[in-house]
1. Just one of the numbered conditions (1) surrounded by fewer than 22 Cβ atoms within 10 Å (Cβ to Cβ); (2) assigned to a helix (DSSP H, G or I) is not true of residue A:192; which one?
2. Quick check on my filter: what residues within region B:105-136 are in contact (Cβ under 8 Å) with a residue 60 or more places away in the chain, farther than 21 Å from residue B:173 by Cβ and out of contact with any helix residue (DSSP H, G or I) (no Cβ under 9 Å at 6 or more places or on another chain)?
3. Taking the condition of being touching a residue at least 60 places away in the same chain (Cβ under 8 Å) and either under 19 Å from residue B:229 (Cβ atoms) or in a helix (DSSP H, G or I) (or both), how many residues in region A:236-246 meet it?
4. If you take the residues of region A:171-184 that are more than 10 Å from every other protein chain (Cβ to nearest Cβ) and in contact with a helix residue (DSSP H, G or I) (Cβ under 8 Å, 6 or more places away or on another chain), which of them is surrounded by the fewest Cβ atoms within 10 Å (Cβ to Cβ)?
5. Quick check: is even one residue across region B:366-384 over 30 Å from residue A:56 (Cα atoms), buried (at least 23 other Cβ atoms within 10 Å of the Cβ) and touching a helix residue (DSSP H, G or I) at 6+ places or on another chain (Cβ under 8 Å)?
6. Determine which single condition residue B:38 fails, assuming it passes every other condition in (1) under 25 Å from the mean Cα position of the chain (by Cα); (2) assigned to a loop (DSSP other than H, G, I, E, B).
């Protein structure tokens, strides 16, 4: 295993490589491929943090927890609520910020605050030939040249190895509550979530489980902000959703946080045997996905637009969803390609980009196609 | 401004090129008489103009595809054009180029409030996208100053921002999918109505690529319900440093206003003379706007005013009515028109870390003395996006060149303090030759290689974004 201690050393290592490399941050995201392991955990530390400018810059191997605690000390946070995949994927290790960026991990707040790629404002990385490249920077508005920041986010280490990442952060909130409705069908729940998200009440989480902790369906709508405003908006949402039956408001901070962590980390599917799929569709198609995957266990996030499905191992989920536009990613299991295969010209562009950034095809080869 | 030498072979085949374009477009959609192409010689960077070989105005994705296919086949450079409002010369033609205008692609294709998106053809103007969903109290968030005129195609090409992006993000954060036509005429779909596009983030790559990777003909955009209310507060300070510290303190206090706008004294005076909006005569003025329910507005403004008071403002005025809000914003929105009344001006678009605000404004003031040109500053303070307006006299020989040199020095300063050359206008031709102050040759090479994938012959808007010397070989020119 190689653990370069600096960006320069990382560049030398890659330039000198003759065979395939498997890039690892903390190794918690279940990204597997053949090759010698290159770990970024020695590239560690917060380089710059300016609370007054809402920006933080850190080396890629910095533990996610370290960044979260540095931000929390100033009452700020990463907007996109990155998930911890260890329980779901049965991995251990320490999640790193570079791993979060490489896999564009984004939690329930993605529906309102955007994904990891939306908060990411700068990257430094080493491409497949060992060249150090920077793009973006430490300011939150920047249209200078092409946006390789977005391209790198979610590229699963196939275009380069991240050495440094910069984010726009947001203030943490004073109060969080959750409006709960029990007993809804998937279709009714998604209708309720869509109505809530189309309101002016700034919903920051919109999820539904057909089978909550006590086995009954639960629909969850999160509201965050200053206390007075949160109380008002929760009440407005309850009134707006009156047609869906009785609702309640959970205000206990620990229970609210626990509930959303349960959604974020897809805890319901931890420790089971089935394949786990992450399916991205337009929200109103969520229930159609559920219906097409009869027998699967489901969890709806992002107002219905993100469907987590646990299916019997080997189920061809993509084959069952051909009528619905969107894409499915295999998060756990190994019977299919991880990513939805791309077609003709799109596939050629993706392959062309990989060939430009990694001409020898040594970085996480085959992970994205 | 250096532009590539036009390709003589292309120029000599003009009649043939026009004839072929006419076979795939309806009558009137191919413009080639010099007096008719006049309107397409420049965009909002009016200091530079050049007549194109021809202009085409297709009305569908198929027509765009057919045009690009012909130009690809005949080796003709293509300059995509939205509404021509670029301040960076993004739509400036070359003599051997065909300008592809998307103005006739302006339909709304689909509106979906449940899933909160609108799908439009890309020539539709920014404001008319919001207009299409306004009756249901929805809006499209990015709001560039030119929103009345600018097209979604141009917004996507430049990744446009606006005054409210501190809260809502810029174009790339509100774009869900595009129909993209590649230079060889191939049509591809990226993303859609779902939240995240699959595979590599090509959508993120297209957005802000200045029309160099493909021509966007349709776009799926995120729409939002309007907030219940919004209200600004105006505050004046006797020093720029104090205004900067106040901005930083507001953000650190956990308040996230939708907009924090800043104007300096020269700008305030010009706006007052022009619009008479009742701005105080002081060194630095902030307009801070918050949104939400009445309870939320009252709470946030309370916190903001308390922070402002700690910085001893010379003026602190909370809007008490719609009318007063409009007056407060009138002062800010009049800025560009007000400067235009005084003289010709050049509008810059650098970004700095907010912590460097006072230093940068002081240096700009010093440079103004050195160059002998006045400058007024108006900018989005929450995100550090500066818009220095340098005044010059276009009729005075040498003044434009002095102004450009001054502008270049300001942008270099932005990069030196940790910022960047452009926050929302794009590079175009205007900042092309400064790219190596922000990027290493390797950084630029990585970007050039991206264009190689989408447009291997370098025919799409080829003379923009990168220093000409860096792209000469790729453009088929002797280096």
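The values are calculated or read from the model by the stated rules, or taken from the named source; none is laboratory data. Every value quoted in this text rests on a predicted model; they were computed, and no experiment measured them. All Cβ positions, even for glycine, are placed from backbone atoms using ideal geometry, and neighbour counts span all protein chains on display.
1. Among (1) surrounded by fewer than 22 Cβ atoms within 10 Å (Cβ to Cβ); (2) assigned to a helix (DSSP H, G or I), the lone unmet condition for residue A:192 is (1).
2. The one that is in contact (Cβ under 8 Å) with a residue 60 or more places away in the chain, farther than 21 Å from residue B:173 by Cβ and out of contact with any helix residue (DSSP H, G or I) (no Cβ under 9 Å at 6 or more places or on another chain): B:109.
3. Final tally of qualifying residues: 1.
4. A:175
5. Residues of region B:366-384 that are over 30 Å from residue A:56 (Cα atoms), as a first pass: B:366-376.
Checking which are buried (at least 23 other Cβ atoms within 10 Å of the Cβ) leaves us with B:375-376.
Filter once more, keeping what is touching a helix residue (DSSP H, G or I) at 6+ places or on another chain (Cβ under 8 Å): B:375-376.
Within region B:366-384, one or more residues are over 30 Å from residue A:56 (Cα atoms), buried (at least 23 other Cβ atoms within 10 Å of the Cβ) and touching a helix residue (DSSP H, G or I) at 6+ places or on another chain (Cβ under 8 Å).
6. All conditions are met except number (2).
Conditions (1) within 29 Å of residue B:90 (Cα to Cα); (2) in the same structural domain as residue A:96 (by TED's automatic domain parsing); (3) over 15 Å from the mean Cα position of the chain (by Cα), marked per residue:
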residue	(1), (2), (3)
A:110	no, yes, no
A:136	yes, yes, yes
A:140	yes, yes, yes
A:148	yes, yes, yes
A:153	yes, yes, no
A:156	no, yes, no
A:162	no, yes, yes
A:180	no, no, yes
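For every residue, the table says whether it meets (1) within 14 Å of chain B (Cβ to nearest Cβ); (2) part of a strand (DSSP E or B).
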site	(1), (2)
A:211	no, no
A:214	no, no
A:221	no, yes
A:229	yes, no
A:234	yes, no
A:248	no, yes
A:255	no, no
